[in-house]
Protein chains: 4
Amino acid sequence: MRFFSDNAAPVHPRVMAAMADVDVLDTAYDGDRWSQSLDARLSELFETEVRAIWVPTGTAANCLALAAFCPPYGGVICHRDAHIQNDEGGAPEFYTHGAKLMLAEGVGAKLTPADIAAVADAVANDVHRVQPHAVSITNATEYGLVYRPDEVAAIGDLCRARGWRFHMDGARFANAVASVGCSPADVTWRAGVDALSFGFVKNGAMSAEALVFFDAAHHDATLRRRKRAGLLLSKGRYLAAQILAMLEQDLWLDNGRAANAGAARLAAAAGDRLVHPVQANEVFLRATPDEATALRAAGFDFYDWAPGEVRLVTAWDTNPDHIAALATAIAGL
Amino acid sequence: MRFFSDNAAPVHPRVMAAMADVDVLDTAYDGDRWSQSLDARLSELFETEVRAIWVPTGTAANCLALAAFCPPYGGVICHRDAHIQNDEGGAPEFYTHGAKLMLAEGVGAKLTPADIAAVADAVANDVHRVQPHAVSITNATEYGLVYRPDEVAAIGDLCRARGWRFHMDGARFANAVASVGCSPADVTWRAGVDALSFGFVKNGAMSAEALVFFDAAHHDATLRRRKRAGLLLSKGRYLAAQILAMLEQDLWLDNGRAANAGAARLAAAAGDRLVHPVQANEVFLRATPDEATALRAAGFDFYDWAPGEVRLVTAWDTNPDHIAALATAIAGL
Amino acid sequence: MRFFSDNAAPVHPRVMAAMADVDVLDTAYDGDRWSQSLDARLSELFETEVRAIWVPTGTAANCLALAAFCPPYGGVICHRDAHIQNDEGGAPEFYTHGAKLMLAEGVGAKLTPADIAAVADAVANDVHRVQPHAVSITNATEYGLVYRPDEVAAIGDLCRARGWRFHMDGARFANAVASVGCSPADVTWRAGVDALSFGFVKNGAMSAEALVFFDAAHHDATLRRRKRAGLLLSKGRYLAAQILAMLEQDLWLDNGRAANAGAARLAAAAGDRLVHPVQANEVFLRATPDEATALRAAGFDFYDWAPGEVRLVTAWDTNPDHIAALATAIAGL
Amino acid sequence: MRFFSDNAAPVHPRVMAAMADVDVLDTAYDGDRWSQSLDARLSELFETEVRAIWVPTGTAANCLALAAFCPPYGGVICHRDAHIQNDEGGAPEFYTHGAKLMLAEGVGAKLTPADIAAVADAVANDVHRVQPHAVSITNATEYGLVYRPDEVAAIGDLCRARGWRFHMDGARFANAVASVGCSPADVTWRAGVDALSFGFVKNGAMSAEALVFFDAAHHDATLRRRKRAGLLLSKGRYLAAQILAMLEQDLWLDNGRAANAGAARLAAAAGDRLVHPVQANEVFLRATPDEATALRAAGFDFYDWAPGEVRLVTAWDTNPDHIAALATAIAGL
């Protein structure tokens, strides 16, 4: 019973079916009709004209956005525990040619304008110090918290005031939107976000994420950077098809809701053991080593996050029986 | 009737079936059992112990190899018309952090030791000049020629003598091996090749190429570079499965033979119009603009390679009726 | 008797004196009064408002300009024999983060708009090909030829029409201006040049070159790139003083004239042996190995440029007696 | 009366004289007899065979060392307040092609093995996390503390045990050695240091620092990196001469002692106001804004380090009358 992560779940049947549907000859790279329809489809979802590209990983989406927003001699403010800082093997530095991640503090890996300003204000504006050029937040955060539109907008206002670009790592954007119940537009461009890494792989796709630019100015250079990074697959239609299938009839949102519901059930069982409020599909639980061992002995697989703390992640397909069993096991610790 | 390229063909049914077979929960990244079996399977094929990784594009495979073999301040000798020089949007420079491609001449994009030495010997060995650290050849070449094992070995000897690493871009390795009829080992490591970009996408896969190191020393750093480049897909089993399916019962070789056979039929019809001997699955044809227009009017799609010259590419699945029709059309020009 | 290069000559006494004059306490980096006066002094010389910085080498000046003008995924068109291509150890690729030098042909390392357009027009405008973003010419060229203002302007027009930036490597700018007898303005910004590497080290300075931007837009980022490259000396006043001394009473021009006069005298003696017209301070001479040996035996030091060809360079301080002796020796070959 | 920094002081007369002495024609770059003698002279000082190069800035020395020791995908552990982290404008990331600085805590910017291990041990050894490859310490530290040989050796042991390289930023190495009274060898290679940025500019030179490798393996690549960074001045003898003059009759050590003595006198006057013990030539003083204003009104120039804290730096040439005056002023606050 796997609660290790949502990143290795099987592919949703409708996504697999969509790939079979495009298994015909078409133009290479992103010249095919499916890739070409992404902008329109995502513009509809976001209620504004967007430019989007597919990429095979969230790391690629994040880092292409950072490269578009930050020069090599600049910096990007993010949370100390952000995925781009801790889990991408130095990819942000590779794609940006050495820009610096400037680390902010914030409860539950969530940032406020004050957290961000504290980092920036400590940096003298001279050539000896790397200057911030962008902010990147993760929604849902690495600890499973979500941003309300007004919280994002407050950061967006700060970015606008300082002349910075604003990126959202939405590896679990579906879980965040499902949790808050807002429109995708309200929590992104209407709140000042310039680019969104719109994650699908953790949510039912196989190998396709969308990088969505709300400002078309960055699109052309990003197409070149994508090719230059070896990310321009020649049969792009199989990636576009995954994204289109995920958007069809709001499959992405349904899957996000399903994963969230599983986590909520675990949270209810966890009570005082919760390290963070459970707002999306991740549950951080206080557990002694003995308790963790007991859970594993009972057949549950999960991540030891920190001493005395484990992480449980539900996915779009997590078996309800497994969830029920885990909830019972937690309650019985 | 598409003869534009082999890079957009549908996916072979056995590859699609293999992806369906791995559509279960497993460990993320390359911890799954399919990814973990790649080394053994490829070691068997190459009759020596190899270390291999999957990547989603040939550009990624090539450039990870170059980054392993050449420091940022070094150079890589390749043909003036090599894919890495002309068709990868600067990816070699990105992955190597600015190494220089040093361009050699050679008939049909094929290089000899003399061609390579001519480039190297023109460079004084001082700090003002970028020094060569590696050689990269393409097999089959960009003009559809293939290397015999002894031809590769002659270059391998030069590399060994000079202390250079030796990379083979095998985007169409299947076509080359099918054409020469040699063992994969003879035309690679036994001939001094240190790494092979083993292409599958042009030959029936969807989104998986293998980068094969014959020297394990480079493997660990390459795993880190792959992650850092945003190329480490979280559901790697779907890529590993493609490669395994292509290797199963020599599907890769059968597909290469099929594509080559189509090209041979076109070559027979082309006669004196051939710009290069047809040894793999590409046909370069002399054709006036009017003749090209006539072929297009007859329903054939292809690439205008150069003034008075068109390129026709066959793939594993090219419809024999289309080939027959095109052969007839060519003969009738 | 050294005719090897002009890059190792002693420092002009007025430059040494200027460094002694600034040997007092002042603000660090470029906050001192001498560094702060560079813009004004160079604006006066160029008859327009310029932004200038000191750097310790011509390579640094060139590469900071290229980094300002070309994104990592772009290209810079230059001559096949340009200093940036052959003699800077890969510095352009380092500073630009991997941009590609796109090599043009041209007699005597001099480029025409047609030479440049030929390179650009061979590149399809798609993401697979690196696109040109800038042109860099050397004046005087690597073979001692100079550009007239109208020749530069023709290239400037091409750059403007194509949306490219235009850089001039003026390591021997003094020799070029002295040769043509034009105003510095006419052969630079009035002819469309966006930045000039204004060389002083080959012409009497110790360790200071000026990078002059005719478009202030690039200045701020370049200040940051200079620091990031470890080029921001803390006692910048000693560099600024060198440049100011070279500009004082047109010392730079007098020194350039002196070097040119020496080369002209050698050229007169060389007659049919000249490989290129002698327009600045470099003389390329046909000489058999035996003749070269004889010249060396007579006490002359110089560079073997190519088989059967030697290079003789005069400097601001070359001893007239040495020149006379060499002229006699050449005539006597 | 300037106590702002030691980085803008005039050049020592013996250094100026040495530059005049080399003001003759010689071979370019580092082929001259002075540059060629650096290795021998520094080997003598360090009592072992070293390889050394001159560079014009401490940033360049530091970052060339880091580039030699850490691959682009790796990390360097340093103090949170290290110069390489805060004051080099992103140069470490530029030279290393994006390696990550991994920040350790430590009192007075000084690190212990435990501080360093705490950073490393928090990083899982997988491809998602950047792994440490080197440690860099500053001696004297950014807060004017110095390392004893045994303290350095303890870190050296850790580096050896973990397979890391060990760099010492010795911008104020003279002050450190003068303070501890140890041999240069004991506090560097005998304690496990692999490379030292040996600073001279803050201590009486104009524009020359030495990067000293105690392991010759890194030397050749570093020569290429130096050229590639635009740091290879063509008249290198003027830099070599500065270093040689500083080493002559231990001028470097005398200058370091002189600066330290000035700081000691200020420290004695400061008493309880000291933020850190004064061990070298920097004094960090608690002072209210009003007190800082009063000191400035009395003619003293210095740096506002942090709220309620100012930094006073003495140099080799600080006027004893100024020091006496400042000591009196501090005592009278």
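The values are calculated or read from the model by the stated rules, or taken from the named source; none is laboratory data. None of the values given here were measured: they were computed from a predicted structure. For neighbour counting, all protein chains shown are included, and Cβ atoms are generated from backbone atoms with ideal geometry for every residue, glycine included. For accessibility, only protein heavy atoms count, side chains too; no ligands or nucleic acids. Shrake-Rupley method; radii C 1.70, N 1.55, O 1.52, S 1.80 Å.
Output the residues belonging to region C:100-127 that are in contact (Cβ under 8 Å) with a residue 24 or more places away in the chain and among the small types (Gly, Ala, Ser).
C:104, C:106, C:108, C:109, C:117, C:120
How many residues does region B:156-196 contain that are surrounded by 20 or more Cβ atoms within 10 Å (Cβ to Cβ) and acidic (Asp, Glu)?
Summing the residues that are surrounded by 20 or more Cβ atoms within 10 Å (Cβ to Cβ) and acidic (Asp, Glu) in region B:156-196 gives 2.
Name the pairs: first residue in region B:128-155 and closer than 18 Å to residue B:46 by Cβ and part of a helix (DSSP H, G or I), second residue of a type in the set (A, V, I, L, M, F, W, C) and open to solvent by less than 10 Å² (accessible area, probe 1.4 Å), Cβ to Cβ under 6 Å, at least 6 apart or on different chains?
B:149/B:187; B:149/B:191; B:152/B:187; B:152/B:191; B:153/B:191
How many residues does region A:308-330 hold that are open to solvent by 70 Å² or more (accessible area, probe 1.4 Å) and touching a residue at least 40 places away in the same chain (Cβ under 8 Å)? Walk me through it before giving the result.
We begin by selecting, within region A:308-330, every residue open to solvent by 70 Å² or more (accessible area, probe 1.4 Å); these are A:320-321, A:328.
Then drop every residue that is not touching a residue at least 40 places away in the same chain (Cβ under 8 Å), which leaves A:320, A:328.
Going through region A:308-330 one residue at a time, the tally reaches 2.
Counting only residues that are of a type in the set (Ser, Thr, Tyr) and closer than 11 Å to residue D:235 by Cα, which one in region D:25-46 is farthest from the other protein chains (Cβ to nearest Cβ)? So that I can check it myself, show each step before the final result.
So in region D:25-46, the residues of a type in the set (Ser, Thr, Tyr) come out as D:27, D:29, D:35, D:37, D:43.
So of that shortlist, the ones also closer than 11 Å to residue D:235 by Cα come out as D:27, D:29, D:35.
Working: D:27: 6, D:29: 8, D:35: 11 Å.
Within region D:25-46, the match that is farthest from the other protein chains (Cβ to nearest Cβ) is D:35.
Residues of region C:89-122 being touching a strand residue (DSSP E or B) at 6+ places or on another chain (Cβ under 6 Å), more than 9 Å from every other protein chain (Cβ to nearest Cβ) and outside any loop (DSSP other than H, G, I, E, B), which ones?
Matches in region C:89-122: C:102, C:104, C:109, C:115, C:116, C:119, C:120.
Out of the residues in region C:278-307 meeting the condition of being modelled with pLDDT of 95 or more and among the small types (Gly, Ala, Ser), tell me which one is surrounded by the fewest Cβ atoms within 10 Å (Cβ to Cβ).
C:297
Restricting the search to region C:213-229, which residues are among the small types (Gly, Ala, Ser), over 21 Å from the mean Cα position of the chain (by Cα) and closer than 16 Å to residue C:97 by Cβ?
Within region C:213-229, just C:221 meets the criteria.
Just to be sure I understand, how many residues within region C:221-254 are closer than 17 Å to residue C:50 by Cα, more than 9 Å from every other protein chain (Cβ to nearest Cβ) and not small (Gly, Ala, Ser)?
Narrowing region C:221-254 to residues closer than 17 Å to residue C:50 by Cα: C:221-223, C:240, C:243-244, C:247.
Narrowing the set further to residues that are more than 9 Å from every other protein chain (Cβ to nearest Cβ) leaves C:222, C:240, C:243-244, C:247.
Add one more test, that the residue is not small (Gly, Ala, Ser), and what stays is C:222, C:243-244, C:247.
Of the residues in that region, 4 qualify.
Taking region C:39-49, which residues are open to solvent by 60 Å² or more (accessible area, probe 1.4 Å) and in a helix (DSSP H, G or I)? Can you show your working first?
Pass one, region C:39-49, residues open to solvent by 60 Å² or more (accessible area, probe 1.4 Å): C:40, C:44, C:47, C:49.
Of everything in region C:39-49, those that are open to solvent by 60 Å² or more (accessible area, probe 1.4 Å) and in a helix (DSSP H, G or I) turn out to be C:40, C:44.
Identify, please: which residue in region B:1-22 is open to solvent by less than 30 Å² (accessible area, probe 1.4 Å) and hydrophobic (A, V, I, L, M, F, W, C) and is, among those, farthest from the other protein chains (Cβ to nearest Cβ)?
Initially, region B:1-22 is screened for residues open to solvent by less than 30 Å² (accessible area, probe 1.4 Å), giving B:3, B:5-12, B:15, B:18-19, B:22.
From what is left, the residues that are hydrophobic (A, V, I, L, M, F, W, C) are B:3, B:8-9, B:11, B:15, B:18-19, B:22.
Values: B:3: 11, B:8: 4, B:9: 6, B:11: 6, B:15: 10, B:18: 13, B:19: 8, B:22: 9 Å.
This residue is B:18.
For residues that are closer than 21 Å to residue C:232 by Cβ and either open to solvent by 10 Å² or more (accessible area, probe 1.4 Å) or not in a helix (DSSP H, G or I) (or both), tally how many sit in region C:60-84. So that I can check it myself, show each step before the final result.
Just the residues of region C:60-84 that are closer than 21 Å to residue C:232 by Cβ, to begin with: C:60-69.
Still in the running and either open to solvent by 10 Å² or more (accessible area, probe 1.4 Å) or not in a helix (DSSP H, G or I) (or both): C:68-69.
Number of matching residues: 2.
Quick check on this structure: which one of A:236, A:271 is exposed (fewer than 15 other Cβ atoms within 10 Å of the Cβ) and among the small types (Gly, Ala, Ser)? Walk me through it before giving the result.
Numbers: A:236 fails: exposed (fewer than 15 other Cβ atoms within 10 Å of the Cβ).
Unique residue meeting the criteria: A:271.
Could you tell me which numbered condition residue D:282 fails, if it satisfies all but one of (1) under 17 Å from the mean Cα position of the chain (by Cα); (2) within 11 Å of another protein chain (Cβ to nearest Cβ); (3) of a type in the set (D, E, K, R)?
Result: residue D:282 fails condition (2) only.
(1) in contact with a Phe, Trp or Tyr (Cβ under 6 Å, 6 or more places away or on another chain); (2) under 20 Å from residue D:123 (Cβ atoms): which one isn't true of residue A:139, the others all being true?
Unmet for residue A:139, out of (1) in contact with a Phe, Trp or Tyr (Cβ under 6 Å, 6 or more places away or on another chain); (2) under 20 Å from residue D:123 (Cβ atoms): (2).
Filter region A:28-38 down to residues that are open to solvent by 40 Å² or more (accessible area, probe 1.4 Å) and out of contact with any Leu (no Cβ under 9 Å at 6 or more places or on another chain), then give me how many there are.
Count: 2.
Considering (1) open to solvent by less than 10 Å² (accessible area, probe 1.4 Å); (2) within 17 Å of the chain's Cα centre (by Cα), say which one residue B:116 fails and leave the rest.
For residue B:116, the failing item is (2).
Report yes if residue C:144 is over 30 Å from residue A:229 (Cβ atoms), touching a His at 6+ places or on another chain (Cβ under 7 Å), open to solvent by less than 10 Å² (accessible area, probe 1.4 Å) and in the same structural domain as residue C:247 (by TED's automatic domain parsing), otherwise no.
Details: over 30 Å from residue A:229 (Cβ atoms): yes; touching a His at 6+ places or on another chain (Cβ under 7 Å): yes; open to solvent by less than 10 Å² (accessible area, probe 1.4 Å): yes; in the same structural domain as residue C:247 (by TED's automatic domain parsing): yes.
Answer is yes for this residue.
Residue A:25 fails exactly one of the following numbered conditions: (1) surrounded by fewer than 24 Cβ atoms within 10 Å (Cβ to Cβ); (2) within 21 Å of residue D:97 (Cβ to Cβ); (3) not hydroxyl-bearing (Ser, Thr, Tyr). What is the number of that condition?
So residue A:25 meets the others, but not (2).
Given the structure, is residue A:247 outside the structural domain of residue A:199 (by TED's automatic domain parsing), open to solvent by less than 10 Å² (accessible area, probe 1.4 Å) and not β-branched (Val, Ile, Thr)?
no
Say whether the condition of being over 25 Å from the mean Cα position of the chain (by Cα) and either acidic (Asp, Glu) or surrounded by fewer than 23 Cβ atoms within 10 Å (Cβ to Cβ) (or both) is met by at least one residue in region D:260-267. Show your work before the answer.
To start, the set of residues in region D:260-267 that are over 25 Å from the mean Cα position of the chain (by Cα) comprises none.
Looking through region D:260-267, none of the residues is over 25 Å from the mean Cα position of the chain (by Cα) and either acidic (Asp, Glu) or surrounded by fewer than 23 Cβ atoms within 10 Å (Cβ to Cβ) (or both).
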